[in-house]
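Notes for the one structure printed next.
All of the numbers you see were taken from the coordinates with simple rules; none came from a lab. Just so it is clear, the structure is predicted and the values come from calculations on it, not from any experiment. Because the Cβ atoms are built from the backbone with ideal geometry, glycine has one as well, and the counts that use them run over all protein chains shown.
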Amino acid sequence: MTDTKIRVRFAPSPTGPLHIGGVRTALYNYLFAKHYNGIFILRIEDTDQARYVEGAEEYIMEALEWAGIKIDEGIKEGGPHAPYRQSERKEIYHQYAEKLLNTGDAYYAFDTPDELEKLRLEYESQGETFNYGCNTRLRMYNSLTLSSEEVNRRLASGDHYVVRYRMPENEDISFIDIIRGDIVVNTSTLDDKVLYKSDGMPTYHLANIVDDHLMEISHVIRGEEWLPSLPLHVMLYRSFGWTAPLFAHLPLLLKPTGKGKLSKRDGDKMGFPVFPLYWPYGETATGYREEGYFHEAFVNMLALLGWNPGTEQEIFSMDELITAFSIDRVGKSGSRFDPEKARWFNHQYMQRKSNEELAELFMPVVTKKGFSPSHDSLVKLVSMVKERATFITDMWKEVDFFFIAPDTYDEKELKKRWDDSSADMIRSLRELVASLEVFTPEEMEKTVREWVSASGFNTGSIFNIFRFLLVGACRGPRLFDIAEWLGREETLRRLDTGLRKLTAGNEA
Ligand code: GLU
């Protein structure tokens with residue numbers, strides 16, 4: 001495969017936010033291309049003007065950029081086959097529609113939408129489906145049934161028309177899908193799809209084939225929902241006399257239940273995003289980026305939804321994915337999306353990130369809460385709590401007490417831990433802490449433990465109450481790490497405040 005130049009394209013239609021299934025398609029194209037030192041193209045398929053959504057194009061590009069998918073040729077990057085936006089290539093498609101009309105592989109059809117709708121309903125009322133194809137086309141208004149004078153007259157007078165592909169009758173066509181293997185389809189089961197419209201716009205089928213050919217696409221890797229279009233595409237390549245690219249249709253992303261296609265509604269119901277980024281228009285939607293996912297975790301998770309490396313390895317950097325990826329290891333069956341697993345990946349990446357980087361990411365959260373610790377102290381803090389966090393924003397609830405001294409104490413816990421000897425115990429502990437020469441966790445722990453065993457107090461209760469006074473509850477990282485981070489002064493202050501509050505009214 002290395003001697004043919006690998007050129008793949010991701011060809012989204014800008015009809016709204018890109019679903020994570022779309023990002024996965026882009027990713028597999030990218031991994032495949034880069035594995036073979038090939039070219040990854042972004043082509044915008046915006047021929048269906050009615051479905052065009054403002055902002056979608058930028059969204060697509062931003063999402064790819066966030067995911068680390070780099071575009072070699074595209075609407076912004078340019079390239080040898082520019083333009084890469086189909087609406088700017090109208091003239092090209094027109095020529096190719098003409099070609100098919102001239103060879104008789106396509107024909108003009110003048111049936112109005114109303115006429116077609118009427119037929120559809122008529123068929124439906126008899127429990128059948130109307131197909132514009134080999135069984136019906138000779139009964140319709142088209143250049144196969146009308147005289148050439150009439151056709152020319154209609155064209156000249158500006159009547160609305162479409163150009164339809166003339167699907168041959170009863171022919172078995174066979175082709176290969178890399179993922180699904182050999183496929184045979186009888187052409188009589190296919191209808192005469194519209195290729196071109198009198199508004200000067202091609203439909204998806206024509207534009208897609210023409211561009212894949214002109215852009216020298218070697219492999220078409222796209223979602224399974226396009227598999228039904230493949231026989232027509234294969235026929236179009238044949239009609240033009242072009243060699244078709246190789247095809248790979250990727251399995252669907254399924255709902256967490258495993259039944260049906262993953263939809264925005266599943267995300268809303270279960271509280272996870274189905275889009276890479278926040279979508280700000282119309283019906284807004286949350287995105288992985290805004291929910292606090294690391295782009296590396298997002299990409300890693302997507303890569304394994306449909307492809308498997310054939311080993312137990314689960315954590316892959318983009319470079320490792322490029323090296324390991326092979327289209328033969330993409331499965332045929334749908335991949336169940338698991339929101340828990342997505343979180344798991346984020347947690348894994350959190351643990352692998354340096355404390356410096358995490359501190360940088362966490363700093364804005366802390367600043368927003370009104371605190372301005374030094375970078376170094378935040379580095380220390382994140383090292384203590386990252387194990388408990390899945391997202392950067394999660395970390396605040398793990399560290400809030402470092403910044404905000406407890407004001408009240410968990411009553412239930414208090415009852416369990418505070419007894420008649422507690423106040424004396426804390427007073428002695430306070431003296432000990434105040435007299436410590438070196439204020440490191442190791443020193444503190446050693447000295448406190450020695451004192452506890454000499455004094456006859458119970459280690460568990462001392463440690464619990466100490467924590468309780470520093471934190472306000474029984475949670476947080478290692479006790480002496482907390483004390484060190486707070487510093488001697490703040491540690492003593494919290495012990496004093498605790499003593500005052502908890503003994504108020506009892507010992508005046
Ligand atoms: N424009 C199509 C889409 O929106 C592209 C399908 C294909 O890759 O051929 O997914």
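Listed values, structure above:
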read-out	value
Label-point separation, Asp199 to Phe463 (7 Å along Cα→Cβ), nm	7.2 nm
Contact order relative to length of segment 3-124, as percent, for alpha carbon pairs under 8 angstrom and 6 or more apart	24 percent
Kirkwood estimate for segment 414-508, i.e. one over the average of 1/r between Cα atoms, Å	13.4 Å
Cα Rg, Dmax (largest Cα-Cα span) when computed across segment 68-146, Å	19.5, 55
More than 16 Å apart - percent of Cα-Cα pairs taken over segment 1-45	39 percent
Relative contact order (%) - criterion: Cα under 8 Å, at least six apart; region: the chain	12 percent
Helix-only mean residue ellipticity at 222 nm for the chain, each DSSP H run of n ≥ 4 adding -39500 (n - 2.57), per residue, nearest 500	-14000 deg cm²/dmol
Descending semi-axes in Å of segment 77-214, equivalent ellipsoid built from Cα gyration tensor	27, 23, 14
Relative packing of peptides 102-114, 276-288 - highest average C-beta neighbours within 10 Å first	276-288, 102-114
Among beta bridges that DSSP assigns inside the chain, antiparallel share in %, nearest 5	55 percent
Cβ-based exposure ranking for Lys341, Lys76, in which fewest neighbours within 10 Å come first	Lys76, Lys341
Cut-off 13 Å between beta-carbons: net charge of the residues surrounding Glu122, Lys and Arg +1, Asp and Glu -1	-2
Sum of side-chain charges, Phe480 neighbourhood, beta-carbon under 11 Å (Lys, Arg +1; Asp, Glu -1)	-1
Coarse-grained scattering of segment 251-297 at q = 0.16 Å⁻¹, given as base-10 log I(q)/I(0) from a Debye sum over alpha-carbon atoms	-0.47
Pairwise FRET efficiency - Ile315 versus Asn37, Cβ, R0 = 35 Å, nearest 0.05	0.90
Sites Glu225 and Glu360 - FRET efficiency at Förster radius 35 Å, r taken between beta-carbons, to 0.05	0.30
Prolate/oblate/rounded call for segment 172-275, Cα gyration tensor, a/c under 1.5 rounded	prolate
Cα-centre dipole for the chain with unit charges at Cβ (Lys and Arg positive, Asp and Glu negative), debye to 20	700 debye
Top positive-direction residue, dipole computed over the chain with Cβ charges, set Leu254, His94, Trp242	Leu254
Descending semi-axes in Å of the chain, equivalent ellipsoid built from Cα gyration tensor	68, 22, 19
At 1.002 mPa s and 20 °C, Stokes diffusion of segment 169-222 via Kirkwood alpha-carbon radius, µm² per second	160 µm²/s
Over 29 Å (Cα to Cα) - which of Lys397/Lys501; Lys70/Lys397; Lys76/Lys99 fall in this group	Lys70/Lys397; Lys76/Lys99
Shape call, segment 1-158: gyration tensor on alpha carbons, a/c limit 1.5	prolate
Over segment 344-453: Rg over Rh, Cα atoms, Kirkwood Rh	1.06
Gain in span if fully extended, Ala156 to Ser377, counting 0.36 nm per residue against the direct Cα distance	71.7 nm
Whole-angstrom gap from segment 393-426 to segment 456-508, using each part's C-alpha centre	7 Å
Total charge dipole magnitude, segment 91-214, about the Cα centre, Cβ charges on Lys, Arg, Asp, Glu only, Debye to nearest 20	200 debye
Environment charge of Glu58, counting only residues whose C-beta is closer than 15 Å and scoring Lys/Arg +1, Asp/Glu -1	-3
In segment 169-285, lysine pairs closer than 18 Å at Cα, eight or more apart or cross-chain	4
Cα-projected label distance for Glu65 with Glu387, points at 7 Å along beta-carbon direction, nm	3.9 nm
Label-point separation, Ser333 to Glu283 (7 Å along Cα→Cβ), nm	3.1 nm
Ratio Rg/Rh [Cα only; Rh per Kirkwood] for segment 460-508	1.00
Added length on full extension, which subtracts the Cα-Cα distance from 0.36 nm per residue, Asp268 to Glu117	50.8 nm
